[in-house]
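Only the coordinates and a few stated rules stand behind these numbers; no lab work does. Just so it is clear, the structure is predicted and the values come from calculations on it, not from any experiment. FYI the Cβ positions are ideal-geometry reconstructions off the backbone, even for glycines, and counts take in every protein chain you see.
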Amino acid sequence: MDDSNEDQRLPHHRNPKELLTMDYLADLGVLYWNLNPDNYEHDSELGKIRDERGYDYMDLLDLCPEKVSNYEEKLKNFFTEHIHKDEEIRYCFTRSCYFDVMDEDDRWIRI
Ligand SMILES: [Fe+2]
């Protein structure tokens with residue numbers, strides 16, 4: 001990501017763009033699966049991932065301006081840097097999202 005403090009909903013590509021490989025992300029511990037969101041409740045592939053990785057909790061968040069009264073404030077919370085001791089999992093059902101992580105050289109990477 002660039003170092004700009006502009007609206008965090010903007011893409012924030014470096015100029016020129018720097019794109020990373022899935023292997024690079026995997027080395028950082030970022031894993032990725034492309035699943036069918038229409039079938040998440042009965043998706044055997046999702047079930048297998050959850051079993052293998054010990055994901056035993058799930059909640060749903062519909063984060064869009066039409067459905068969240070304090071949308072802007074809630075959005076800011078997601079952009080506050082924090083650390084998890086366990087894995088953090090995001091399953092994007094509709095639309096799109098960014099997931100920002102820091103690499104070993106303290107550079108932000110936008111997924
Ligand atoms: Fe988090």
Checklist entry - When we measure straight from the Cα of LYS76, which lysines land under 19 angstrom away, once same-chain ones fewer than 8 places off are left out? => result LYS67
Checklist entry - Points 7 angstrom from Cα along the Cβ direction at PHE78 and ARG110: gap in nanometres? => result 1.4
Next on the checklist: I'd like the distance separating the alpha-carbon centroids of the stretch 68-111 and the stretch 1-34, in whole Å.
Outcome noted: 12
Checklist entry - Is it possible to state the helix-based mean residue ellipticity at 222 nm for the chain, with each DSSP H run of 4+ residues giving -39500 (n - 2.57), the sum divided by total residues, to the nearest 500 deg cm²/dmol? What is it? => result -6000 deg cm²/dmol
Item to check | Average Cα contact separation per residue, the stretch 44-111, under 8 Å, 6 or more apart, as relative contact order % | outcome: 12
Checklist entry - Distance in nm between label sites at ASN34 and LEU61, each 7 Å beyond Cα in the beta-carbon direction? => result 2.5
